[in-house]
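The values are calculated or read from the model by the stated rules, or taken from the named source; none is laboratory data. Keep in mind that this is a model prediction, so the values were computed, not measured. Cβ atoms come from the backbone with ideal geometry, glycine included; neighbour counts cover every protein chain shown. Ligands, DNA and RNA are stripped out before the accessible areas are found, and what is left, the full protein with its side chains, is counted by its heavy atoms. Shrake-Rupley method; radii C 1.70, N 1.55, O 1.52, S 1.80 Å.
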Amino acid sequence: VREIKRFPETVLRKKAEPVTEIDGEMRHLVDDMIETMHSAPGVGLAAPQIGISLQVIVIDTSVGEDPDAVLVLLNPEIVSQSGSSLMEEGCLSVPWVAAELERFEKVTISGINLQGEEVEIEAEGLMARVFQHEIDHLNGSLYWDRLGKIKKEQLKREYKKMKSEMETD
């Protein structure tokens, strides 16, 4: 289990580098990411969240309940999107706060699996939301960047207050 980087760590604000090689080191990274995501617990994790600036995401909307539900994608991109839905969203890198956020209801994602094959995944609902959230991380963006200025600043203040309270405990 790796340490999850929290705002304002700079790695969370950098655009991640594309994966160019799938080797034992990459498989080890993915295993660590899955273990870290499950222990958090969370439904998704991007490599920058553990301090690795690579385009790697892991997703498991079953939160560890179904081993076959884990998805791993390298160099993921949204190739199409439609509809919209409003749902509360939080983040392992910005704990203690959450906000209602509008995202696309359906997305099609392309990327590479751990076998090096090009894949395309159609997702909707929670799965679509998690893909969008994790891909934002690969682009150096946090979910609250999609909120209006006032709501974003309010969340940041709440987060900083909670962070300082947790650090003094």
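In the range 78-101, which residue that is of a type in the set (D, E, K, R) and within 16 Å of the chain's Cα centre (by Cα) is farthest from H133 (Cα to Cα)? Spell out the reasoning first.
Of the residues in the range 78-101, the ones of a type in the set (D, E, K, R) are 88-89, 100.
Still in the running and within 16 Å of the chain's Cα centre (by Cα): 88-89.
Details: E88: 12, E89: 9 Å.
Per the stated criteria, the residue is E88.
Inside the range 57-103, counting only strands (runs of 3 or more DSSP E) that do not spill past its ends, which hold 2 or more residues that are more than 25 Å from K156 (Cβ to Cβ) and at pLDDT 95 or above?
Details: elements: 71-82, 85-91, 94-103.
In the range 57-103, the matching strands (runs of 3 or more DSSP E) lie at 71-82.
What residue, among those in the range 131-169 that are open to solvent by 50 Å² or more (accessible area, probe 1.4 Å) and outside any helix (DSSP H, G or I), is nearest to A69 (Cα to Cα)?
Across the range 131-169, the extreme among qualifying residues is N139.
Give E120, E167, E102 a once-over and let me know the one that is out of contact with any strand residue (DSSP E or B) (no Cβ under 7 Å at 6 or more places or on another chain) and of a type in the set (D, E). Spell out how you get there, then give the answer.
Working: E120 fails: out of contact with any strand residue (DSSP E or B) (no Cβ under 7 Å at 6 or more places or on another chain); E102 fails: out of contact with any strand residue (DSSP E or B) (no Cβ under 7 Å at 6 or more places or on another chain).
One residue alone meets the criteria, E167.
Might you let me know whether the range 25-41 holds any residue that is in contact with a helix residue (DSSP H, G or I) (Cβ under 8 Å, 6 or more places away or on another chain) and assigned to a strand (DSSP E or B)? Spell out how you get there, then give the answer.
To start, the set of residues in the range 25-41 that are in contact with a helix residue (DSSP H, G or I) (Cβ under 8 Å, 6 or more places away or on another chain) comprises 29, 32-33, 36.
From what is left, the residues that are assigned to a strand (DSSP E or B) are none.
Looking for residues that are in contact with a helix residue (DSSP H, G or I) (Cβ under 8 Å, 6 or more places away or on another chain) and assigned to a strand (DSSP E or B), one finds none in the range 25-41, hence no.
Looking only at the range 13-36, how many residues end up being surrounded by 17 or more Cβ atoms within 10 Å (Cβ to Cβ) and in contact with a Gly (Cβ under 7 Å, 6 or more places away or on another chain)?
0
With surrounded by fewer than 16 Cβ atoms within 10 Å (Cβ to Cβ) and not hydroxyl-bearing (S, T, Y) as the only criterion, which of A123, A69, A128, A99 stands out? Full working, then the answer.
Numbers: A123 fails: surrounded by fewer than 16 Cβ atoms within 10 Å (Cβ to Cβ); A128 fails: surrounded by fewer than 16 Cβ atoms within 10 Å (Cβ to Cβ); A99 fails: surrounded by fewer than 16 Cβ atoms within 10 Å (Cβ to Cβ).
Result: A69 is the single residue among A123, A69, A128, A99 that is surrounded by fewer than 16 Cβ atoms within 10 Å (Cβ to Cβ) and not hydroxyl-bearing (S, T, Y).
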